[in-house]
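Only one structure is covered here, and it is reproduced in the block below.
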Amino acid sequence: MKQTIINAVFISLFSLVLISCQSDSKKSAAEETVVPKTPVQVVSVANSTLSDDIVLNATSTYLEKSVVKANTNGYLQSATIQAGAIVGSNQVLFKIITKEARAIGNSINELDPGFKFSGVSAIRAEKSGFVTSVSHQKGDYVQDGEALATIINQSSLVFLLDLPYEMRSVILQNKTLEITLPDGEKLKGIITSSLPAVDSLAQTQRMIIKVNASHPIPENLVGKVRVVKSAAANVQVLPKSAVLTNETEDEFWVMKLINDSTAVKTIVKKGMENEQSIQIISPVFNERDRLISVGNYGLADTAKVKIVK
């Protein structure tokens, strides 16, 4: 009787150990088959207006510059301007005294009070503007016709744009442009004319853009001009990060979620693009479709993913 009980207990213990081993084996197998999931972020398509444009450089310059010249031989008795100063029309800029008058002094006038010759000649500004350079200072000896200073006319400010000739018809359809300066300031400009010559190497034609600035703009400042080549309204658009391509850039695709944890490769045909967005011509997605925008690089055709915010 005792032997029978012992056998029964032994069989029960053996069965428990066997079941435990099988359970541990199944658990280990299940752990080995767990597939890692890539954390991703998703977006949906948006219907928007998209433009295909190009950014070109435009350089500031002043078309009207007047050179102030000496009107006689002599010494500069006074110079009332310096570079950067603003001058008005007919303002006295320099006074020149001839070397004869400087040598004689006031002796002639002391001998004959009726003789009013002083030998001093005043040089005035023809137009108002800004002084960009001064070549001589008080006390210098100058000759007749020698350049003393350069004055620019503020109202003659323009930007010169070297436009690729193949885009000439595009820009002539809309002559109003916006120029962005390096500090972020934006100026409205209008193309007033173009030079009748093309650069033989770059095949660009120089356009003159007239602007109205509320403050002085330094010469040779480079601004950015965005020229719109084409535009389309109400097209489906995705962020550029959502669209992938191969090395030769002849095939494009997106990773589309078919459920909460699986993404599949979907070939797309792209259209226009700008710095942030790309137009998707086909296929047509609906607003409920989820497309990976972050974490999609290097994913396989069918990949396990995990959506994160």
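The values are calculated or read from the model by the stated rules, or taken from the named source; none is laboratory data. Every value quoted in this text rests on a predicted model; they were computed, and no experiment measured them. Because the Cβ atoms are built from the backbone with ideal geometry, glycine has one as well, and the counts that use them run over all protein chains shown.
Of the residues making up the stretch 234-261, those that are within 12 Å of N296 (Cα to Cα), polar (S, T, N, Q) and either touching a Lys or Arg at 6+ places or on another chain (Cβ under 7 Å) or without any contact (Cβ under 8 Å) to a residue 24 or more places away in the chain (or both) number 1. Return a yes/no flag: does the stretch 240-249 have any residue that is in contact with a Phe, Trp or Tyr (Cβ under 9 Å, 6 or more places away or on another chain), on the phi < 0 side of the Ramachandran plot and among the basic types (K, R). Scanning the stretch 240-249, I find no residue that is in contact with a Phe, Trp or Tyr (Cβ under 9 Å, 6 or more places away or on another chain), on the phi < 0 side of the Ramachandran plot and among the basic types (K, R), so the answer is no. Taking the criterion of being free of Cβ contacts under 8 Å to residues at least 40 places away in the same chain and either under 15 Å from V134 (Cβ atoms) or buried (at least 17 other Cβ atoms within 10 Å of the Cβ) (or both), the residues of the stretch 73-97 that qualify are T80, Q91, V92, K95, I97. For the condition more than 41 Å from the chain's Cα centre (by Cα) and modelled with pLDDT of 90 or more, V92 qualifies. Does the stretch 175-188 contain any residue that is out of contact with any Ser or Thr (no Cβ under 9 Å at 6 or more places or on another chain), surrounded by fewer than 16 Cβ atoms within 10 Å (Cβ to Cβ), on the phi > 0 side of the Ramachandran plot and not in a strand (DSSP E or B)? Yes, that holds for at least one residue.
For the stretch 271-297, residues that are within 24 Å of I54 (Cβ to Cβ) and either modelled with pLDDT of 90 or more or in contact with a Lys or Arg (Cβ under 9 Å, 6 or more places away or on another chain) (or both) total 10.
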